[in-house]
Amino acid sequence: MEIINKKIKIEHLDDSLQSIQFIWIPDIGDIRSKLSEIERICNDNTIILLSGYSKKQTKKYNDVNIQYLASMAPVYFLWNEQDYRGNYRDLNALLLDCKVTILENTSASFETENGTKFTIIGLDDVKTNRDQLSFALEELYEDSLCILTSYTEVMDSNISNFKSIQVYLFERSQSNVKRNQKTVYLELHNNKGIRKQNTITVLNFDVMK
């Protein structure tokens, strides 16, 4: 699994947003060989986003990778449809034991060194119709920079609820989605090369004034 870098281009007055780092990991069960490299990348402003577990049905959930990641930085988890096909209650318990925050139509708020508030909003699985953006929006700070996250992109983000969303990060898009003109969209599914391996993505803001 390769580690790549991407920029989130936004218009904002706070340059200190550029020190914030997100690490998006699509498959927790397949990253053991990359743990030491992820640790070298992490800093005091790192936030780790786990985009589903995606284990093979024949294998048990393994807490070693998750515990290691949780020792490096705050870790947040997003459900995908494959997770719900397995024993998701066991996975839920494991994540909580490892001090991982599960974003299922909920949000987590942060603040930059210059005082800018930003919020990560996590949707429950879109494919199984568990996503409820309106629930997550109830917890927002006023004037917070809103970053929406989900495993699968929602079909219609050209509606009023999305007017407050500046950035939308997701693992996979869908066909014939409807998008608005204000939100920055970034699909993070990057199967590359002959072996079609998933990639871990390191994300930083590129602030344009």
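Values as computed for the structure displayed
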{"item": "Residue with peak Gaussian network fluctuation, the chain [Cα springs, cutoff 10 Å], from Ser33, Ser173, Ser16", "result": "Ser33"}
{"item": "Highest to lowest packing among 75-84, 107-116, scored as the average C-beta count within 10 Å", "result": "75-84, 107-116"}
{"item": "Segments 117-127, 156-166 sorted - mean Cβ within 10 Å per residue, highest first", "result": "117-127, 156-166"}
{"item": "Of all DSSP beta bridges in the chain, antiparallel share, percent nearest 5", "result": "25 percent"}
{"item": "Square roots of five times the Cα gyration tensor eigenvalues for the stretch 101-195, Å", "result": "23, 16, 14"}
{"item": "Gyration tensor (alpha-carbon) shape descriptor, the stretch 52-167, a/c threshold 1.5", "result": "oblate"}
{"item": "Of Ile147, Ile41, Ile28, the one that fluctuates the most in a GNM where the chain has Cα springs shorter than 10 Å", "result": "Ile41"}
{"item": "Where N is the number of residues in the chain, Cα Rg divided by 2.2 N^0.38 Å", "result": "0.98"}
{"item": "GNM top mover of Asn87, Asn198, Asn65 - the chain, alpha-carbon springs below 10 Å", "result": "Asn87"}
{"item": "Links that overshoot a 26 Å alpha carbon limit, given the list Lys34/Lys178; Lys7/Lys209; Lys99/Lys163; Lys117/Lys209; Lys7/Lys99; Lys178/Lys209", "result": "Lys34/Lys178; Lys99/Lys163; Lys7/Lys99; Lys178/Lys209"}
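We did not get these values from a lab; they are worked out from the coordinates using the rules stated. None of the values given here were measured: they were computed from a predicted structure. Note that each Cβ is placed from the backbone with ideal geometry, even for glycine, and that neighbours are counted across all protein chains shown.
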